[in-house]
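The values are calculated or read from the model by the stated rules, or taken from the named source; none is laboratory data. Nothing here was measured: the structure is a model prediction, and the numbers come from that model. Using ideal geometry, Cβ is built from the backbone for each residue, glycine included, and neighbour counts are taken over all protein chains shown.
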Amino acid sequence: MTTQWNETIETLKTHVKGQVILPNDPSYNEVREIWNAMIDRRPAVIVQCAVADDVATVITFARENGLELSIRGAGHNIAGNAVCDDGVMLDLSTMKNVRVDAQKRRAYVEPGATLADFDQAAQIHGLATPVGINSTTGIAGLTLGGGFGWLTRKYGMTIDNLVSAAVITADGKQLRASATENPDLFWAIRGGGGNFGIVAEFEFALHPVGPEILAGLIVFPFSQAKQVLTQYRQFVESAPEELTVWVVLRKAPPLPFLPEPVHGKEVVVLAIFYTGDIAEGEKLVEPLRGFGDAYGEHIGAQPYVAWQQAFDPLLTRGARNYWKSHNFTELGDGALDAIVESVAKLPSPQCEIFIAFLAGAANRVSSDAMAYYHRDAKFVLNVHGRWDESAQDETGIAWAREFFRASTPYASAGAYVNFMTGEEGDRITAAYGANYDRLVQIKKRYDPENIFHLNQNIKP
């Protein structure tokens, strides 16, 4: 490194309260690592921000020194946009504070918080808002791309529950974005990803949930996949919005309620969640047991936060991940056949296809109410390719792409930006539909130089 660079870094250290980490520092490799092990990039400098003022300082530092800027929340994004080569990695992961006003039913959340941080703070008061299903996911990336989970049928998407945000823009200014303050910015950040600024604090509306809910799994043999999926499709059409049932098709993990010979076999799993009276929920889920001859089940009352962490062991950091995703307004026979055919060829024990059923409150929001456009989607399907060794990349990626092609004729329009890999830039306009042109104009206003471009990028 040159003397000038060393002096520049020393100056930066005097202007931020957080840590400045360089490639020769002991913590560098740990901090630059993110959830998806396929991403292996080396920033020139990492700044772990401690306060919002640090964020503005780092944006200015990157801009004035002509350095690429990447933004890391919890580092969970599949595309790996949190890390850049040779530039500045702005790391928000230590800004994790969550403050809950139970009387107003509001949560004020810093951008480094995970879903676990948020859920635990809100559940102390018996409150929650719709977020994702893996508790190590970051609230920031999830929210900015849309966000959905077990509560979405009842209470909408994560962005539907965003009340305001403190946004630091490309010029280093901190703005409040809400329905009444900078409403164009507020419109854009609800689904537009990190294109328009860095959120230093989110304000969410909260709803009474739990603390106990009814949830669990029913596991069926893969040989019964088509009949289970066909009955599932019919069942969810009339299911109340308090009840959410998703489908996961994969090789069975060693779940304690499954006979040992089933471990490692392809299975169809119904994942069930009900927020409401437990006894009523038990009546509602009873018909699901008749979809086939189940290998086993584990359903019962449990804390909401426990269910929010139930899938964490299958989604730990350090594996190689590659996703493909589609929206569906309906699951036609062709789509079901493509799913069954693909699961018969799983390239690794960790690969899976999951179907998230979202029909309800999210569909009642107008497609132009905010950046997130595809409000007709009743199902989001994710092909989750996952394995441990780089030697498996070619086979695993080919499997995911093959299913994506096979299922495309049956999918509806659009894409979910949070599930898009770094190579899918050609789907960005499709993701935003008729909202795209408006997003371009807002991008021109708030980030004309495209400082924030390591994302599913909307070019100004």
Legend entry - Matching residues, region 408-436, being surrounded by 21 or more Cβ atoms within 10 Å (Cβ to Cβ) and either closer than 20 Å to residue 72 by Cα or touching a Lys or Arg at 6+ places or on another chain (Cβ under 7 Å) (or both): 415, 416, 417, 418, 419, 420, 421
Inset, instruction - Output yes when any residue across region 288-311 is polar (S, T, N, Q), at negative phi, under 29 Å from the mean Cα position of the chain (by Cα) and buried (at least 19 other Cβ atoms within 10 Å of the Cβ), and no when none is. - result: yes
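For (1) modelled with pLDDT of 95 or more; (2) buried (at least 23 other Cβ atoms within 10 Å of the Cβ); (3) among the small types (Gly, Ala, Ser), each residue gets a yes or a no:
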| site | (1), (2), (3) |
| --- | --- |
| 192 | yes, yes, yes |
| 197 | yes, yes, yes |
| 213 | yes, yes, no |
| 217 | yes, no, no |
| 221 | yes, no, no |
| 227 | yes, no, no |
| 242 | yes, no, no |
Inset, instruction - Those residues that are among the acidic types (Asp, Glu) and touching a residue at least 24 places away in the same chain (Cβ under 8 Å), I need them from region 419-436; list them, please. - result: 424
Inset, instruction - Output the residues belonging to region 31-47 that are buried (at least 22 other Cβ atoms within 10 Å of the Cβ) and closer than 14 Å to residue 20 by Cβ. - result: 32, 43, 45, 46, 47
Inset, instruction - Would you point out which residue out of 112, 147, 141 is in contact with a Ser or Thr (Cβ under 7 Å, 6 or more places away or on another chain), buried (at least 24 other Cβ atoms within 10 Å of the Cβ) and small (Gly, Ala, Ser)? - result: 147
Inset, instruction - Would you mention how many residues in region 437-460 are surrounded by fewer than 16 Cβ atoms within 10 Å (Cβ to Cβ), in a helix (DSSP H, G or I) and touching a residue at least 60 places away in the same chain (Cβ under 8 Å)? - result: 1
Inset, instruction - Can you confirm whether region 236-244 contains a residue that is small (Gly, Ala, Ser) and not in a strand (DSSP E or B)? - result: yes
Legend entry - Verdict on residue 428 being part of a loop (DSSP other than H, G, I, E, B) and under 23 Å from residue 376 (Cβ atoms): no
Legend entry - Of the criteria (1) outside any loop (DSSP other than H, G, I, E, B); (2) over 30 Å from residue 241 (Cα atoms), which one residue 409 fails: (2)
